[in-house]
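Working notes, structure below.
We did not get these values from a lab; they are worked out from the coordinates using the rules stated. What you see is a predicted model, and the numbers here were worked out from it, not measured in a lab. Don't worry about glycine lacking a Cβ; one is built from the backbone with ideal geometry, like all the others, and counts go over all protein chains shown.
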Amino acid sequence: MKPYTDNTPKPMIFCDGKPFLWYIMQQLFDQGVRRFILLTGYLSEQIEEYFGNGELWNWDIQYSKGPVDWDTGKRVWEARNKLDDLFLLLYSDNFTPFPLDKVYSVHNKNQTSLTFMAASKNPGNISLDKLGFVQQYDNHRSSLDLDYVEIGYMIIEKDKTLSFYENPECSFSSILQRM
């Protein structure tokens with residue numbers, strides 16, 4: 001995405017007159033989500049300047065800011081006191097239409113610590129069984145027989161997931177591998 005990201009964080013690149021992040025948040029708002037905690041790093045002030053507290057769109061936005069080099073795992077750890085017991089984690093550079101109510105239904109039915117959406121891709125980093133449960137997760141994609149990737153839409157049970165942290169500095173990928 002260079003040179004666009006030289007001076008702009010990826011979620012703030014404009015698409016059809018609005019930042020990409022706006023479309024993600026509006027998609028969630030349309031499905032009943034009103035409260036957002038944005039875990040920001042690179043050029044976070046641009047995100048805050050544009051969205052503020054979200055009142056322009058009837059959203060409630062809070063921020064958890066950290067250095068650019070923080071991994072998602074560290075960002076989640078630092079924001080843990082702001083997070084609900086059950087929360088939705090999305091990466092801000094992916095967009096896919098999805099029925100949130102159905103994803104919650106699957107999560108509740110399976111009673112897992114974390115439920116994520118996956119897409120078919122080869123090579124991938126995930127192997128799924130016939131029921132959709134993860135059999136293998138390989139963030140480094142060193143195995144050639146993995147046919148799926150997680151696309152950054154996750155429903156997370158906070159306390160259960162935090163119990164997989166070895167320390168606050170661990171990567172979110174390493175947490176997914178342990179789960």
Of the candidates Gly52, Pro67, Leu28, the farthest towards the positive dipole end of region 1-69 (Lys/Arg Cβ +1, Asp/Glu Cβ -1, centred on the Cα centre) is Leu28
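P(r) tail for region 92-179, what percent of Cα pairs lie past 16 Å? Provide the component values of the computation, followed by the final result.
Numbers: 2186 of 3828 pairs.
Percentage above 16 Å: 57.
Of all DSSP beta bridges located in the chain, what percent are antiparallel, nearest 5? Numbers along the way, then the final one.
Numbers: 17 of 23 bridges.
Bridges in the chain that DSSP calls antiparallel: roughly 75 percent.
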Packing-ranked peptide list from 122-128, 61-67, 19-25, highest mean Cβ count within 10 angstrom first, is 19-25, 122-128, 61-67
Proxy exposure order for Met179, Met1 (fewest C-beta within 10 Å first) is Met1, Met179
With Rh as the Kirkwood radius over Cα pairs, the chain has Rg/Rh of 0.95
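With charges only on Cβ, +1 for K and R and -1 for D and E, what is the dipole size of region 1-69 about its Cα centre, in debye, rounded to 20? Could you put the intermediate results ahead of the total?
Values: 6 positive and 9 negative charges, 34 e Å.
In debye, rounded to 20, region 1-69 gives about 160.
Using only helices, what value at 222 nm comes out for the chain when you add -39,500 (n - 2.57) per DSSP H run of length 4 or more and divide by the total residues, to the nearest 500 deg cm²/dmol?
On the way: 6 runs with 49 residues, N = 179.
Calculated mean residue ellipticity at 222 nm is -7500 deg cm²/dmol.
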Expressed in angstrom and rounded, the centroid-to-centroid distance over alpha carbons for region 132-158 and region 49-114 is 18 Å
